[in-house]
Amino acid sequence: MTDFSKMLEQAKDVQKKMKETQESIKKIEVEGVAGGGLAKVYLNGDGELIKLYISPEIMRENKEILEDLIIAAHGDAKQKIKMKASEELSKIAGGIPLPSGFKWPF
């Protein structure tokens, strides 16, 4: 019976660590960059856009180039969030890398 109690306590510890990790992931902020810094997108750990920077230089270009740079910067930011979230989650997994294809909320 004590083994079950230990397992239950370990499960509670993992649950607590997971909740703490989820909260810390929400606080992450990343910068996605495209065009050598001409477009920057800032996302939080929930994947929400919190800031957008467009260089005055790029405003002289055509609309399609600007749109492509924003999309590229957004993709860069999303990739960075995934990496940081995986790092945080692997900490509670004892450093075991998460399987490829593991999907965080986005």
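The values are calculated or read from the model by the stated rules, or taken from the named source; none is laboratory data. Predicted model only: the values in this text are computed from it and were never measured. Positions of Cβ are generated from backbone atoms using ideal geometry, with glycine treated the same way; all protein chains shown enter the neighbour counts.
Observations, loosely collected:
- Residue match in the range 82-96 (condition: modelled with pLDDT under 95, loosely packed, with under 13 Cβ neighbours inside 10 Å and of a type in the set (G, A, S)): yes
- Residue under evaluation Q79, criteria (1) surrounded by 13 or more Cβ atoms within 10 Å (Cβ to Cβ); (2) not in a strand (DSSP E or B), criterion not met: (1)
- Which listed residue, of K17, K6, is of a type outside the set (A, V, I, L, M), more than 13 Å from L69 (Cα to Cα), over 11 Å from the mean Cα position of the chain (by Cα) and surrounded by 13 or more Cβ atoms within 10 Å (Cβ to Cβ): K17
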